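A.B. asks: My questions will all concern the structure given below.
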Amino acid sequence: MGKVTVITSGKGGTGKSTFTAGVSTALVRRGNRVLIIDCDAGMRGIDLMLGVSGELVFDIADIVRGNCSPANAIYPCKTVPELYVLPAPSDVSDKISPYIMLQLVRVLENYYDHVLIDCPAGIGVGFESAAIAANRALVVVNAEPLSVRGGEKIHRKLRHMKIPEIRLVINRFNERRFKKMGAFPDLDAVIDSVGARLIGVVPEDSASAACAQRGEPIEGRKKAVCAFDRIAARLDGEDVPLEL
Ligand SMILES: Nc1ncnc2c1ncn2[C@@H]1O[C@H](COP(=O)(O)OP(=O)(O)OP(=O)(O)O)[C@@H](O)[C@H]1O
Ligand SMILES: [Mg+2]
């Protein structure tokens, strides 16, 4: 259970794609074979973060149209062996229906230890297609009121879809900034507001973010890498204590 994980957020820009790239790389370090499906049609970014954007010929829309087989549209990340990406359509009008996505993911999941689906922000176009095949959802928020409100809404929607497991990620956390803002008394208040169980807190880490932007692997002695490793272990079912 939990092999297909969708990464969601209510508000845009909470760090879903960076998180997806970071945690996937951590899952590979643990010996997993991992596929990322980018479902953010028109705004795809995972190919850039994995350094394969220059090679793209086919994407999900080509599979659906019968222009290529699924294997032709899946690109191996050169710098992280056993990490693969299926790019989103470059054109925002190329919508993949939830039914088709379900069929596709049900086939692909047999070839990987984990499938991570990078979802567009919010519950608009593409959300249902991205989430329909998932047996686990992660809600990524920043510890700020607007982001948390978005997280609460998306959590409600995911529950309505009956996704079996829904967990919270607090991303870009900076304790000093959080205390200075004073919008929440502590992180427990953030967790209670979203209403989902916490799976991990990823610190603000410009070095990891820069790696993702440059298409380099998110690894080494960086602040966020340690958090990605712990979250990856939990995604693999390990009982790793939470550090707040
Ligand atoms: N842990 C982090 N520390 C510092 N910066 C981060 C972190 N995570 C993400 N970022 C930065 O936050 C910004 C948004 O990240 P990203 O594109 O991954 O968000 P997103 O949720 O996928 O956005 P969208 O909703 O547009 O798809 C980027 O500038 C990225 O570098
Ligand atoms: Mg994104």
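A.B. asks: Which members of the stretch 116-130 meet the condition of being on the phi < 0 side of the Ramachandran plot and crowded, with 23+ Cβ neighbours inside 10 Å? Please lay out each step first, then the result.
C.D. replies: Kept after step one, since they are on the phi < 0 side of the Ramachandran plot, are these residues of the stretch 116-130: 116-121, 123-125, 127-130.
Result: Leu116, Ile117, Asp118, Cys119, Pro120, Ser129, Ala130.
A.B. asks: Tell me which residues, restricted to the stretch 35-50, are among the small types (Gly, Ala, Ser) and crowded, with 18+ Cβ neighbours inside 10 Å. Give the derivation first.
C.D. replies: In the first step, residues of the stretch 35-50 are kept if they are among the small types (Gly, Ala, Ser); the result is 41-42, 45.
Selection gives Ala41, Gly45.
A.B. asks: Would you call Leu35 farther than 18 Å from Val169 by Cβ, within 16 Å of ligand 1 (Cβ to nearest atom) and touching a residue at least 60 places away in the same chain (Cβ under 8 Å)?
C.D. replies: Values: farther than 18 Å from Val169 by Cβ: yes; within 16 Å of ligand 1 (Cβ to nearest atom): no; touching a residue at least 60 places away in the same chain (Cβ under 8 Å): yes.
No; evaluated as a whole, the condition is false for this residue.
A.B. asks: Considering (1) in contact with a strand residue (DSSP E or B) (Cβ under 6 Å, 6 or more places away or on another chain); (2) within 16 Å of ligand 1 (Cβ to nearest atom), say which one Arg221 fails and leave the rest.
C.D. replies: Arg221 satisfies every listed condition except (1).
A.B. asks: How do the pairs read when you match residues in the stretch 132-143 that are closer than 18 Å to Gly10 by Cβ and without any contact (Cβ under 8 Å) to a residue 60 or more places away in the chain with residues anywhere that are of a type in the set (S, T, N, Q) and within 16 Å of ligand 1 (Cβ to nearest atom), using Cβ under 8 Å and keeping only pairs 6 or more apart or on different chains?
C.D. replies: Between residues of the stretch 132-143 that are closer than 18 Å to Gly10 by Cβ and without any contact (Cβ under 8 Å) to a residue 60 or more places away in the chain and residues that are of a type in the set (S, T, N, Q) and within 16 Å of ligand 1 (Cβ to nearest atom), there is no close pair.
A.B. asks: Would you check if Ser9 is closer than 22 Å to Val139 by Cβ and in contact (Cβ under 8 Å) with a residue 60 or more places away in the chain? Break it down into steps so the answer makes sense when it comes.
C.D. replies: On the way: closer than 22 Å to Val139 by Cβ: yes; in contact (Cβ under 8 Å) with a residue 60 or more places away in the chain: yes.
So Ser9 fits the description; yes.
A.B. asks: Filter the stretch 193-209 for residues that are on the phi < 0 side of the Ramachandran plot and either away from ligand 1 (no atom under 16 Å from the Cβ) or touching a residue at least 60 places away in the same chain (Cβ under 8 Å) (or both) and give the result.
C.D. replies: The answer is Ser193, Ala196, Arg197, Ile199, Val202, Ser208, Ala209.
A.B. asks: List the pairs whose first member sits in the stretch 173-192 and is within 22 Å of Lys153 (Cα to Cα), whose second member is of a type in the set (S, T, N, Q), and whose Cβ atoms are under 8 Å apart, counting only residues at least 6 apart or on separate chains?
C.D. replies: Phe173/Asn142; Phe184/Ser193
A.B. asks: Something else now. Looking at the stretch 89-96, is at least one residue touching an Asp or Glu at 6+ places or on another chain (Cβ under 8 Å) and over 23 Å from Gly12 (Cβ atoms)?
C.D. replies: no
A.B. asks: Sticking with this one: Consider Thr5 against the criteria (1) out of contact with any His (no Cβ under 8 Å at 6 or more places or on another chain); (2) within 16 Å of ligand 2 (Cβ to nearest atom): it satisfies all of them except one. Which criterion is unmet?
C.D. replies: (1)
A.B. asks: Tell me, which residue of the stretch 108-144 that is within 16 Å of ligand 2 (Cβ to nearest atom) and part of a helix (DSSP H, G or I) is farthest from the chain's Cα centre (by Cα)?
C.D. replies: That would be Ser129.
A.B. asks: Moving on to the next point. So which residues in the stretch 86-130 are among the small types (Gly, Ala, Ser) and under 15 Å from Ile36 (Cβ atoms)? Lay out the reasoning, then the answer.
C.D. replies: Keep residues of the stretch 86-130 that are among the small types (Gly, Ala, Ser), which gives 88, 90, 93, 97, 121-122, 124, 126, 129-130.
Those that are among the small types (Gly, Ala, Ser) and under 15 Å from Ile36 (Cβ atoms): Ala88, Ala130.
A.B. asks: While we're on this one: Select the helices (runs of 4 or more DSSP H) contained entirely in the stretch 5-79, then report the ones holding at least 3 residues which are modelled with pLDDT of 95 or more, in contact with a Leu (Cβ under 8 Å, 6 or more places away or on another chain) and more than 23 Å from Asp94 (Cβ to Cβ).
C.D. replies: Details: elements: 16-29, 46-49, 60-65.
Fully inside the stretch 5-79 and qualifying: 16-29.
A.B. asks: Report, by residue number, each residue of the stretch 71-115 that is exposed (fewer than 14 other Cβ atoms within 10 Å of the Cβ) and among the small types (Gly, Ala, Ser).
C.D. replies: Residues satisfying the conditions are Ala71, Ser93, Ser97.
The values are calculated or read from the model by the stated rules, or taken from the named source; none is laboratory data. Predicted, not measured: the structure shown is a model, and the values here were computed from it. Glycine gets a Cβ as well: all are built from the backbone with ideal geometry, and neighbour counts include every protein chain shown.
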